[in-house]
Amino acid sequence: MLSLHLDLGERSYSIHIGAELLQRADLLLPHIHGQQVLIVTNTTIAPLYLNTVRTALQQAKPELKIEECILPDGEAYKDLRHLELIWDRLLEAGFNRRATLIALGGGVIGDMTGFAAACYQRGVNFIQLPTTLLSQVDSSVGGKTGVNHPLGKNMLGAFWQPKLVLADTLTLQTLPPRELAAGMAEVIKYGLLGDLDFLEWLEVQLPKLMQGDQRLLAEAIVRSCRCKAQIVAQDEREGGVRALLNLGHTFGHAIETEMGYGEWLHGEAVGCGMALAADLSQRLGWISSADLERTKALLQAAQLPILPPPSMTVDAFLRAMAVDKKNIDGELRLVLLRRLGQAELVTLTAHDHLHACLASALEKSQALSKAHSL
Ligand SMILES: NC(=O)c1ccc[n+]([C@@H]2O[C@H](COP(=O)([O-])OP(=O)(O)OC[C@H]3O[C@@H](n4cnc5c(N)ncnc54)[C@H](O)[C@@H]3O)[C@@H](O)[C@H]2O)c1
Ligand SMILES: O=C(O)C(=O)C[C@@H](O)[C@H](O)[C@H](O)COP(=O)(O)O
Ligand SMILES: [Zn+2]
């Protein structure tokens, strides 16, 4: 097991990464202060891992009252209506301010559980047990919690830090390949935004990572969490540097919102978003054509899309990008690449390059889709 520390003063916590951590009641119990525990998970993860966590806790501390909330699986259910189901379970069980919520699952479960914990009786403790690559490298760390609104991704939420993150890397063995690829998008993001060494390491190791090599995956998770923890420690509530973690997300969130949540996975949308951000950076003269090609090659090696859905339009992109949380006073702000391994938050005043970038990517995507349908 490898341990990192996210330094946030009184909200600091540990992130443990390794095999067989779901059963480590010794790590969980110091963070469960009352006797009330609600494990939030979904219909896919419950049959795989719920029993392991539940049994470990119950055996270690029989007096715990452990309840479960099993949500339907999917991004489409990351909404206010399904969030309420968590509060319903807490109230039905008579849980109070000393309750602890445990998020067992991917980013959807983590974001929803964290938000439910932030609001329940004005805030109770929660613990992250991430089970996807994406949630182990990104969503379980940093305290962004929330749900989607039909008009915008993650529009309702709160900053609410977990008390502990346990990333059991063995859970990745049951993860479908498409989900592993989606998680790899956020891993690549760290290399592109601030760590050229990591990017070069990924270029070499990606084939083995995609095959599920446990040792290399653990290394990628540690390096990713270290990068995220360093950024969040400097800027917990995204007043500045934390916005860099949004590389690819202005485009990506537009795809997710416009396509209907769940059609494209978050990581796929972010992968394509990073290709578009790199393309725009090249058009602005920031990165070279060779670096753009290098970025796209890496994303493609991770089996991620680099072209947007052919059914989208430039207007649909601009409409959805206009509601991005980073924008200020109607001005579009997005994260671009000053060079490979160095991202920057930019206020885009002239939109010509953005239009050209989107129009060209959509044209290629539509041509490809037409060719496939012939
Ligand atoms: N809070 C943050 O900082 C942050 C960061 C990145 C992403 N996110 C959010 O995270 C969400 C995406 O997370 P995700 O990619 O984990 O998706 P997800 O939570 O939908 O999980 C992906 C799929 O894998 C299944 N699954 C989970 N663990 C499994 C396992 N071990 N074996 C087999 N199947 C398993 C899930 O049931 C689901 O079908 C998005 O809503 C995104 O907005 C949040
Ligand atoms: O932790 C952050 O900060 C991030 O931006 C991480 C992103 O990968 C993640 O998708 C996050 O949920 C996006 O946040 P949002 O504020 O743009 O909705
Ligand atoms: Zn993301």
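Here are some notes:
- Residue separation of residue 12 and residue 197 scaled by 0.36 nm, minus their Cα-Cα distance, works out to 63.9 nm of gained length.
- Degrees separating the helix 107-119 axis from the principal Cα axis of the chain, which is the longest one: 60 degrees
- Using C-alpha pairs under 8 Å with a sequence gap of at least 6, the mean separation divided by the residue count of region 44-173 gives a relative contact order of 21 percent.
- Helix 249-259 axis, angle to the chain major axis (alpha carbon atoms, nearest 10°): 80 degrees
- Computing FRET efficiency as 1/(1 + (r/R0)^6) for residue 29 and residue 5, where r is the C-beta to C-beta distance and R0 is 25 Å, gives about 0.85.
- Between helix 177-194 and the chain: long-axis angle, C-alpha atoms, 0 to 90°, nearest 10: 70 degrees
- Rg over Rh [alpha-carbon atoms, Kirkwood Rh] for the chain: 0.97
- Relative contact order of the chain, defined on C-alpha pairs under 8 angstrom at six or more residues apart (%): 15 percent
- DSSP finds beta bridges in the chain, and of those with both partners inside it, around 45 percent are antiparallel.
- Gyration tensor analysis over the Cα atoms of region 134-198 returns equivalent ellipsoid semi-axes of 22, 16, 15 Å (largest first, whole Å).
- Set of lysines with alpha-carbon distance to residue 163 below 21 Å, sequence-local pairs under 8 removed: 61, 65, 144, 228
- Gain on full extension, evaluated as 0.36 nm per residue between residue 55 and residue 235 minus their Cα-Cα distance, stands at 61.0 nm.
- Relative contact order (percent, whole number), region 3-57, Cα cutoff 8 Å, 6+ residue spacing: 33 percent
- Centre separation in Å (Cα based) which lies between region 233-250 and region 46-94: 30 Å
- By average C-beta atoms within 10 angstrom, highest first, the peptides 176-184, 67-75: 176-184, 67-75
- Ellipticity estimate at 222 nm from DSSP helix runs (n ≥ 4, -39,500 (n - 2.57)) divided over the chain, nearest 500: -14500 deg cm²/dmol
- Legend: calculated FRET efficiency, residue 65 to residue 43, from the Cβ-Cβ distance at R0 = 25 Å, rounded to 0.05, equals 0.65.
- Stretch gain in nm, segment residue 322-residue 87, where the contour uses 0.36 nm per residue and the Cα spacing is subtracted: 81.4 nm
- Two-decimal Rg to Rh for region 56-207 - Kirkwood Rh, Cα set: 1.01
- Basic side chains Lys and Arg get +1 at the Cβ, acidic Asp and Glu get -1 at the Cβ, and with that the dipole of the chain about its Cα centre reaches some 420 debye.
- Low-density loop positions, trypsin sites (Lys or Arg not before Pro), region 1-102 - DSSP coil, at most 14 other Cβ in 10 Å: 97, 98
Readers should treat all values here as calculations from the given coordinates under stated rules, not as data from a laboratory. In this text the structure is predicted, and so the values were computed from the model without any measurement. Please note: Cβ atoms are built from the backbone with ideal geometry, for glycine as well, and neighbour counts cover all protein chains shown.
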